[in-house]
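Undergrad: Before I ask anything, here is the structure I am working with.
Only the coordinates and a few stated rules stand behind these numbers; no lab work does. The shown structure was predicted, so the numbers you read here are calculated from the model rather than taken from an experiment. Ideal geometry is used to build each Cβ from the backbone, glycine not excepted, and the neighbour counts take in all protein chains shown.
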2 protein chains.
Amino acid sequence: MMIPPAITLGIDLRVLAEAPDSSAQMAHTQVGDYRDVDSVVAFARDLDVVTFDHEHVPQHVLDAVVALGVPVRPGPHALVAAQDKTVMRTKLSALSMPMPKWAVVSDAAEVGAFMARVGTPTIIAKTPMGGYDGKGVRVIAGAEDISLWLEKGPVLLEEKVDFVAEVAQLVARRPSGDSRGWPLVETRQKNGVCAEVIAPAGGDPRLAEQALDIASRVAKELDVTGVLAVEMFVRASGELVINELAMRPHNSGHIFTELSHTSQFEQHLRAVLDLPLGSTALRAPHGVMVNIFGGVNASELAGVLGLDPHLKVHDYGKSYRPGRKAGHVSVVGDTVESLLAMAQGAVAQVAIDGLA
Amino acid sequence: MMIPPAITLGIDLRVLAEAPDSSAQMAHTQVGDYRDVDSVVAFARDLDVVTFDHEHVPQHVLDAVVALGVPVRPGPHALVAAQDKTVMRTKLSALSMPMPKWAVVSDAAEVGAFMARVGTPTIIAKTPMGGYDGKGVRVIAGAEDISLWLEKGPVLLEEKVDFVAEVAQLVARRPSGDSRGWPLVETRQKNGVCAEVIAPAGGDPRLAEQALDIASRVAKELDVTGVLAVEMFVRASGELVINELAMRPHNSGHIFTELSHTSQFEQHLRAVLDLPLGSTALRAPHGVMVNIFGGVNASELAGVLGLDPHLKVHDYGKSYRPGRKAGHVSVVGDTVESLLAMAQGAVAQVAIDGLA
């Protein structure tokens, strides 16, 4: 999804992809393993800047690219907070960011101590690295639920936040420091995975102000470059609590392709190239994005596009895999309820797995 | 520019390009000559549908693709009216479309007879085929100005229309007959080449109605599929007169990428694939597009994007050539005058040739 704005801006985008049939349909695709220093260094050697569409590139690989003199944006020192949830909690706690109660535990005694301190019947356990979309995350009632994880190393425990909504604040930041945020969006999860996004998020306008302030401060203090997504819980009291960070264009920002003057992909490219950032103002009152899971049933494309001329279908060109994010439907307009019903209807029709 | 919406819609776009370094940055680019039957047939054999980004593919090449059983959209029977200006004038006159006075002439006597009939001191001479952007078009005072053209074959003569404005009406039409137009735009030519587009065109709203009616009828009667651009003159009386046809996304429609819910490139793909057409409603009150001629000075990109966060720069990725359309700047907002000044300022800065 970064290719279209790269074409528009005349940016010569090179893609290091895992396989030739990956969804990166570019002339300048090179096949290689992002975990292999030699592959990444050979790929990056002649580039002006290196960036990512996921955060799983190991630190030692990133360091090797930095050692070449090629700018890596976001830099390894920033990206580590999106790679390692323990680092994220530690750094953000040091910045007094609003957080759930948390601890890093190594054995059953420490689990018990944390549970006693938090005082809620259930807590969340997370493996520090490698989790996403609900993987590596578990609701636990006690240490016995994570005995295998504890054998492998420290585990992050967090208070299970009692929330009334989940929101995401996206900002983009240039190396020169300039940053710009989009309006706050509401994310609706199903089975631990983002299924729907409502933009802008409803409710008290002060919430949006606070969220933008939090995300802008995180971007600045962690020295993030490119797009930063800060996923947050909203407590019944209205308090925001940081859940996760992503340092790349993020599922919660797809709606801005249609809803904002500048998509998250264009803005990410502008930011990592240190170009002036585009307007993030909205071009319609509301927008709704609904994910397509499993695969896109291409034979239903005509039927779905025929539902409404404002509907947009994004097909990621991926082969079917149960539960995979294979595309999304977005629509902008005046009334959230009707937009959501329309997008859900479209996804129910075009998604091989049906609605999440 | 058709690649981004193809990526979004999950359409596997294959490009037959003249050279590997052409601006079609796709994995699926095949190099070949569009005038060579064998190259085009080999390219087209396994495709679901064939379309174009220019109208210079010879009829016998198109016929060979049709003979394969591969749909060609627009079909050769429609496209001929965009290839041969004499065919266009003949077909549109038969449909009683509003036209300048015209004649096909073969010698000086016929030139004289036409000039006597029209009664204006100057007329326009056009070679029937191959002209574009002012090439193959000449203002003449008499037969002596086109003696070399007449030696090669018949020449199209047209009344030089005294116009107050030039406009373009774009519509897209599906094989199933459904069609949808964008709002009328005003085009401003410099040296016979479109330099600026103002959208929507100002003036009497009835003009826009008439223009949409004309273009929709042309699309239907000529059985055009895909995007049709009808360039028209506006006489002082308010009468519209058809100047040229293009059957593909057209320079006058670039502004719709930002201004409309559906870009002309997305709509062209939908139309030629017989998918339901997208909304052509505007997403801002006004938009302005200014062409970049010669080449894009990439070192000025940051400066230009810094002028205003709503400015969009489209760099076609072409090498420098004097007068070449190398990109464009577009901006949408509330006031035509300020948008135009902003876009002109941006182009003056980023265009290697400066403002046209």
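Undergrad: Given the options B:G317, B:G327, B:G153, which has the most mean-square fluctuation in a GNM of chain B, springs set between C-alpha atoms less than 10 angstrom apart?
TA: With Cα springs under 10 Å in chain B, the top fluctuation among B:G317, B:G327, B:G153 is at B:G153.
Undergrad: Considering Cα pairs under 8 angstrom that are at least six residues apart, work out the relative contact order of chain A and quote it in whole percent. Mind dumping the intermediate values first?
TA: Numbers: 736 pairs, mean separation 47.7, N = 356.
This gives 13 percent for chain A.
Undergrad: Now, a different point. According to the square roots a ≥ b ≥ c of the eigenvalues of the Cα gyration tensor, what is the shape class of chain B, taking rounded for a/c under 1.5, prolate for a/b larger than b/c otherwise, and oblate for the remainder? It would help to have the intermediate numbers written out before the result.
TA: On the way: a/c = 1.42, a/b = 1.13, b/c = 1.26.
Rounded shape, in that the Cα axes give a/c under 1.5.
Undergrad: Between B:A94 and B:R321, how high is the FRET efficiency from 1/(1 + (r/R0)^6) when r is the Cβ-Cβ distance and R₀ = 51 Å? Nearest 0.05.
TA: Working: r = 39 Å, r/R0 = 0.77.
Efficiency computed from Cβ-Cβ geometry: 0.85.
Undergrad: Quick one: if you stick a label point 7 Å off each Cα along the C-beta vector at B:Q189 and B:Q30, how many nm between them?
TA: Output for this residue pair reads 3.8 nm.
Undergrad: Using the Kirkwood radius over Cα pairs, work out the Stokes-Einstein diffusion coefficient for the range B:3-82 at 25 °C and 0.890 mPa s, in µm²/s as a whole number. Write out the running numbers ahead of the final one.
TA: Numbers: Rh = 13.1 Å.
In µm²/s, the coefficient rounds to 187.
Undergrad: Now for a different question. A:A19 versus A:V139, label points 7 Å from Cα toward the beta carbon: distance in nm?
TA: Between A:A19 and A:V139, the simple spin-label model gives 3.4 nm.
Undergrad: Right, another one. Within 10 Å of each Cβ in B:307-320, how many Cβ atoms from other chains are there, averaged over the peptide?
TA: Numbers: counts 1, 3, 10, 5, 4, 8, 4, 4, 5, 3, 7, 1, 0, 0.
Mean number of neighbouring Cβ atoms from other chains: 4.
Undergrad: Any idea which of B:P20, B:H77, B:A348 is furthest toward the positive side of the dipole for chain B, if Lys and Arg beta-carbons carry +1 and Asp and Glu beta-carbons -1?
TA: B:H77
Undergrad: Follow-up question, since we're still on this one. Assign one of three labels to the range A:163-350, namely rounded, prolate or oblate, based on the Cα gyration tensor with a ≥ b ≥ c the square roots of its eigenvalues; rounded applies when a/c is under 1.5, prolate when it is not and a/b is larger than b/c, and oblate otherwise. Kindly include the intermediate steps, with their values, before the conclusion.
TA: Working: a/c = 1.73, a/b = 1.46, b/c = 1.19.
Taking the square roots of the gyration eigenvalues as a ≥ b ≥ c, the range A:163-350 is prolate.
Undergrad: With runs of 4+ DSSP H residues as the only contributors, calculate the mean residue ellipticity of chain A at 222 nm using -39,500 (n - 2.57) per run, divided by the residue total and rounded to the nearest 500.
TA: Numbers: 12 runs with 110 residues, N = 356.
Calculated from helices alone, the mean residue ellipticity at 222 nm is -9000 deg cm²/dmol.
Undergrad: Which order results if B:L170, B:L340 are arranged by neighbouring Cβ count within 10 Å, fewest first?
TA: Numbers: B:L170 29, B:L340 18.
Ordered by Cβ neighbours within 10 Å, fewest first: B:L340, B:L170.
Undergrad: If packing is taken as the mean number of other Cβ atoms within 10 Å per residue, what is the order of A:144-151, B:11-18, highest first?
TA: On the way: A:144-151: 13.4, B:11-18: 17.1.
So the order, starting with the most tightly packed, is B:11-18, A:144-151.
Undergrad: Distance in whole Å from the B-onto-A rotation axis to the closest C-beta of chain B, together with the residue it belongs to, please.
TA: Result for the B and A rotation: B:P4, 2.
Undergrad: In nm, what does the list of distances from B:E221 to its counterparts in the other copies look like, shortest first, when each label sits 7 Å along Cα to Cβ?
TA: In ascending order, 7.0 nm.
Undergrad: How far, in nm, would the chain grow between A:K101 and A:A302 when pulled straight, counting 0.36 nm per residue and subtracting the alpha carbon separation? Walk me through the numbers on the way to the answer.
TA: Working: separation 201, 0.36 × 201 = 72.36 nm, distance 4.87 nm.
Computed gain between A:K101 and A:A302 is 67.5 nm.
Undergrad: Using a 10 Å cut-off around each Cβ of peptide A:7-15, what is the average number of partner chain Cβ atoms that fall inside? Intermediate results must be reported in sequence, preceding the final value.
TA: Numbers: counts 12, 11, 10, 12, 4, 2, 1, 0, 1.
Mean inter-chain Cβ contacts per residue within 10 Å come to 6.
Undergrad: Further question on the same structure: If you take each beta carbon of peptide B:101-111 and count the beta carbons of other chains within 10 angstrom, what is the mean?
TA: Working: counts 0, 0, 0, 0, 0, 0, 0, 0, 0, 0, 0.
Per residue, the number of nearby Cβ atoms from other chains is 0 on average.
Undergrad: Here is a follow-up. Only Cα pairs under 8 Å and at least 6 apart count here; give the relative contact order of the range A:64-186 as a rounded whole percent.
TA: On the way: 148 pairs, mean separation 27.8, N = 123.
Relative contact order for the range A:64-186 comes out at 23 percent.
Undergrad: If you filter the range B:252-354 for chymotrypsin sites (Phe, Trp or Tyr not before Pro), then keep DSSP loop positions with at most 14 other Cβ within 10 Å, what is left? If you can, show how the numbers build up before the last one.
TA: Numbers: sites: B:F256, B:F265, B:F293, B:Y316, B:Y320; in loops: B:Y316, B:Y320.
Qualifying residues, ordered by number: B:Y320.
Undergrad: For the range B:101-159, with equal point scatterers placed on the C-alpha atoms only and solvent neglected, what are the log10 I(q)/I(0) values from the Debye formula at q = 0.17 1/Å, to two decimals?
TA: -0.45
Undergrad: For the range A:144-200, just say rounded, prolate or oblate: build the C-alpha gyration tensor, square-root its eigenvalues into a ≥ b ≥ c, call rounded for a/c under 1.5, and beyond that prolate if a/b exceeds b/c, oblate if not. Walk me through the numbers before you get to the answer.
TA: On the way: a/c = 3.19, a/b = 1.59, b/c = 2.01.
Since a/c reaches 1.5 but b/c is at least a/b, the shape of the range A:144-200 is classed as oblate.
Undergrad: Using only alpha carbon pairs under 8 Å that are at least six residues apart, calculate the relative contact order of the range B:1-152 and give it in whole percent. Don't skip to the end; give the middle numbers.
TA: On the way: 155 pairs, mean separation 19.2, N = 152.
Relative contact order here is 13 percent.
Undergrad: Would you look at the GNM of chain A, springs on alpha carbons closer than 10 Å, and say which of A:S260, A:S106, A:S330 moves the most?
TA: So, out of A:S260, A:S106, A:S330, the one fluctuating most is A:S106.
Undergrad: To make sure I understand the rule: partners must be lysines, Cα under 25 Å from the Cα of B:K160, and not fewer than 8 residues away in the same chain. Which ones qualify?
TA: B:K85, B:K91, B:K101, B:K126, B:K135, B:K152, B:K190
Undergrad: Hey, another quick one. With 15 Å as the cut-off, how large is the P(r) tail for the range A:242-330, expressed as percent of Cα-Cα pairs?
TA: On the way: 2599 of 3916 pairs.
Value for the range A:242-330: 66 percent of Cα pairs lie more than 15 Å apart.
Undergrad: When the Cα centres of the range B:150-192 and the range A:314-356 are compared, how far apart do they sit, in Å?
TA: 39
Undergrad: Between B:S176 and B:D204, what length comes free when the chain is fully extended (0.36 nm per residue of separation minus the Cα-Cα distance, one decimal in nm)?
TA: Numbers: separation 28, 0.36 × 28 = 10.08 nm, distance 3.22 nm.
Gain on extension, B:S176 to B:D204, equals 6.9 nm.
Undergrad: Between the label point of B:A302 and that of the same position in each other copy, find the distances and list them shortest first in nm, with every label point placed 7 Å from Cα along the Cα-to-C-beta direction.
TA: 5.0
Undergrad: Sticking with the crude label model, points 7 Å out along Cα→Cβ, report the distance from A:A348 to B:D162 in nm, one decimal please.
TA: It is 6.4 nm.
Undergrad: For the protein assembly as shown, report the convex hull volume of the alpha-carbon atoms normalised per residue, in Å³, without decimals.
TA: Details: hull volume 114.2 nm³, N = 712.
It is 160 Å³ per residue.
Undergrad: Could you tell me the distance between the Cα centroids of the range B:93-137 and the range A:272-299, to the nearest Å?
TA: So the two Cα centres are separated by 49 Å.
Undergrad: For A:H56, place a label point 7 Å out from Cα along the Cα→Cβ vector, do the same in each other copy, and report the separations in nm, one decimal, smallest first.
TA: Copy-to-copy label distances at A:H56, shortest first: 4.7 nm.
Undergrad: Between B:A341 and A:A109, what FRET efficiency follows from the Cβ-Cβ distance if R0 is 45 Å, with the result rounded to 0.05?
TA: 0.05
Undergrad: Grab the beta carbon distance between A:D223 and A:V41, set R0 = 25 Å, and tell me the FRET efficiency rounded to 0.05.
TA: On the way: r = 23 Å, r/R0 = 0.92.
Rounded to the nearest 0.05, the efficiency is 0.60.
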